[in-house]
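Following: one structure in structure tokens, then a few remarks.
The values are calculated or read from the model by the stated rules, or taken from the named source; none is laboratory data. Remember, it's a predicted structure, so these values are computed and weren't measured experimentally. Reconstructed Cβ throughout: ideal geometry from the backbone, glycine too, with neighbour counts over all protein chains shown. Ligands, DNA and RNA are excluded from the accessible area calculation, which covers all protein heavy atoms including side chains. Shrake-Rupley method; radii C 1.70, N 1.55, O 1.52, S 1.80 Å.
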Amino acid sequence: MANRPLHMTLNGQSVGPVEVPEDLPMIDYLHEYRNLTGSRLGCGQGICHACVVIVDNPDGTSEEVRTCITGAHYFEGKKIRTIEGHAKRDEAGQVTELNPIQQRFVDEFAFQCSYCAPGFVNAATVLVEKLQRQPIKQSQLEAAIEDSLGHHICRCTGYVRYYSATRHVLTDLGLVKEG
Ligand code: FES
Ligand code: FES
């Protein structure tokens, strides 16, 4: 398979262009070319969503994209966030502050082995950003969480703490209105 140059913005930094095989899955690009191994390869078939990254669209919206079934070249010119990009870091690269979702998942013991956690963090982060653009009513909250997290698979937990922690973050951030 031939190579083609690939360029994107990854966690706020412009990367590439670098020659990458035309059929390279995005998850392999992240792991092998960028040493970003936080996006997890689970099923490899588009089902578990452990591998998702966030794409920041030009219109200001954000969305999850599964990297196991999406070629790296799909991301040409796009803005991408991976799990490694959420926390604040000092100049030495050490994490100084987790994002609200990450911190809440830790505080509420939302995960066990954590293999699925990057996907859940990205899903909940996209949900936070969606509700920051358009808050919802309390009566819509459970459906919104289910819509965002429901397609992520966790083999360790009963999902209850992921959902509960997400509920608390959304409420604490003032994204859920009465009604
Ligand atoms: S590893 Fe990508 S959806 Fe399961
Ligand atoms: S915490 Fe182990 S797979 Fe989710």
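Observations, loosely collected:
- Leading residue by the ranking (nearest to ligand 1 (Cβ to nearest atom)) among those in the stretch 5-29 that are free of Cβ contacts under 8 Å to residues at least 60 places away in the same chain and open to solvent by less than 10 Å² (accessible area, probe 1.4 Å): Ile27
- Meets criteria (within 16 Å of ligand 2 (Cβ to nearest atom), open to solvent by 20 Å² or more (accessible area, probe 1.4 Å), within 18 Å of the chain's Cα centre (by Cα) and not aromatic (Phe, Trp, Tyr)) for Cys51: no
- Pairs with Cβ under 6 Å, 6+ apart, first in the stretch 122-145 and over 17 Å from Gln103 (Cβ atoms), second of a type in the set (Phe, Trp, Tyr): Ile145/Tyr163
- Residue in the stretch 36-46 that is open to solvent by 20 Å² or more (accessible area, probe 1.4 Å), under 20 Å from Ala87 (Cβ atoms) and in contact with a Phe, Trp or Tyr (Cβ under 8 Å, 6 or more places away or on another chain) present: yes
- Taking every residue in the stretch 30-47 that is without any contact (Cβ under 8 Å) to a residue 24 or more places away in the chain and assigned by TED's automatic domain parsing to the domain that holds Thr9 and pairing it with any residue that is part of a loop (DSSP other than H, G, I, E, B) and open to solvent by less than 50 Å² (accessible area, probe 1.4 Å), at least 6 positions away or on another chain, the pairs with Cβ-Cβ distances below 8 Å are His31/Ser39; Gly46/Cys68.
- Ile83 vs. criteria open to solvent by 70 Å² or more (accessible area, probe 1.4 Å), of a type in the set (Val, Ile, Thr) and within 30 Å of Pro5 (Cα to Cα): no
- Scanning the stretch 91-125 for residues that are at pLDDT 95 or above and under 27 Å from Pro17 (Cα atoms) turns up Pro118, Gly119, Asn122.
- Checked against the criterion of being in contact with a strand residue (DSSP E or B) (Cβ under 9 Å, 6 or more places away or on another chain), open to solvent by 60 Å² or more (accessible area, probe 1.4 Å) and over 19 Å from Gln103 (Cβ atoms), the stretch 156-177 contains one or more residues that satisfy it.
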